[in-house]
């Protein structure tokens, strides 16, 4: 028999989505006890995080830099490893070391005079503070003016986040293990504006002519003023996802987005 591809896991730290259904938590704890997996509800640095919820719960955990996997009880579950029906099987695979470790690019960004950077696993969105008006965003790549967007907003996404907000506004789907930064305008006021895919090594900066919002992974937001510059680059820590060996990204795409209609 071939040796396991990854180190066996004997203990997990459980993170719950807000208002987790009691029956879901009960089912998870039964599965953990049935396979003899140690667990607690106090995440520790360097530990493995089990995220009971949907993609939002998992994204919040990924930004911590810990290895994570998701057990799906949300609406989409695009990034999660399994659902409650299959959690026992995946826990046994973790104990035996038969799982895959995926390293995904994250982004970091900071405003002028900011002490520590923002970090996102899916996307950073620069968007209007008000429901009306147009944003004029000046994009610099490696210090050179590359584009001036007149838009409702601009998505700066990782490959992992390419299938999130990015795809809903016409951005490209990029395999999540690629090393790229995606730029997708939201409702551009010009027919010539198109999505842009860059290498992960580039350093970007954005300037705005009016106060706008920076939204990180759809979960937190910050104000950006006209006198500030937003700098963006790949983060040093990567997001670490644990996935089943048999998981196939394109099968997930087909199932979640109903690609191919009724064809198998």
Would you mind computing, in nm to one decimal, how far apart the modelled labels at residue 83 and residue 202 are, each placed 7 Å from Cα along Cα→Cβ? 3.9
Between residue 92 and residue 130, what is the label-point separation in nm under the 7 Å Cα-to-beta-carbon projection? 6.1
Just 78, 41, 69 to compare: in a GNM of the chain, with alpha carbon springs under 10 Å, which one fluctuates most? 41
Given the options 171, 88, 133, which has the most mean-square fluctuation in a GNM of the chain, springs set between C-alpha atoms less than 10 angstrom apart? 133
How much of the calculated P(r) for segment 107-234 lies past 27 Å, in percent of all Cα pairs? 8
Would you mind checking the tilt of helix 22-35 against the longest principal axis of the Cα atoms of the chain, expressed as 0 to 90 degrees and rounded to 10? 50
Tell me what the chain gives for mean residue ellipticity at 222 nm when only DSSP H runs of n ≥ 4 count, each as -39,500 (n - 2.57), the sum divided by the residue total, rounded to 500 deg cm²/dmol. -5000 deg cm²/dmol
Scattering curve values for segment 62-172, log₁₀ I(q)/I(0), Debye with Cα scatterers, q = 0.13, 0.19 Å⁻¹: -0.70, -1.16
Per the Cauchy relation, a quarter of the hull surface: what is the mean projected area of the convex hull of the alpha carbons in segment 1-46, in nm²? 4.6
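Using only Cα atoms, figure out Rg for the chain and give it as a multiple of 2.2 N^0.38 Å.
Normalised by 2.2 N^0.38 Å, the Cα Rg of the chain equals 1.09.
Evaluated at 10 °C with a viscosity of 1.306 mPa s, what Stokes-Einstein diffusion coefficient in µm²/s does segment 111-176 have when Rh comes from the Kirkwood expression over alpha-carbon pairs? Before the final figure, lay out the partial values.
Details: Rh = 13.6 Å.
Answer from the Stokes-Einstein relation: 117 µm²/s.
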Note on the chain, DSSP bridge orientation, antiparallel percent to nearest 5 equals 75
Between residue 194 and residue 221, what FRET efficiency comes out of the Förster formula 1/(1 + (r/R0)^6) with R0 = 35 Å and r the beta carbon distance, rounded to 0.05? 0.85
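Laboratory data are not the source of any read-out in this text; all were calculated from the coordinates shown. Predicted, not measured: the structure shown is a model, and the values here were computed from it. Cβ atoms come from the backbone with ideal geometry, glycine included; neighbour counts cover every protein chain shown.
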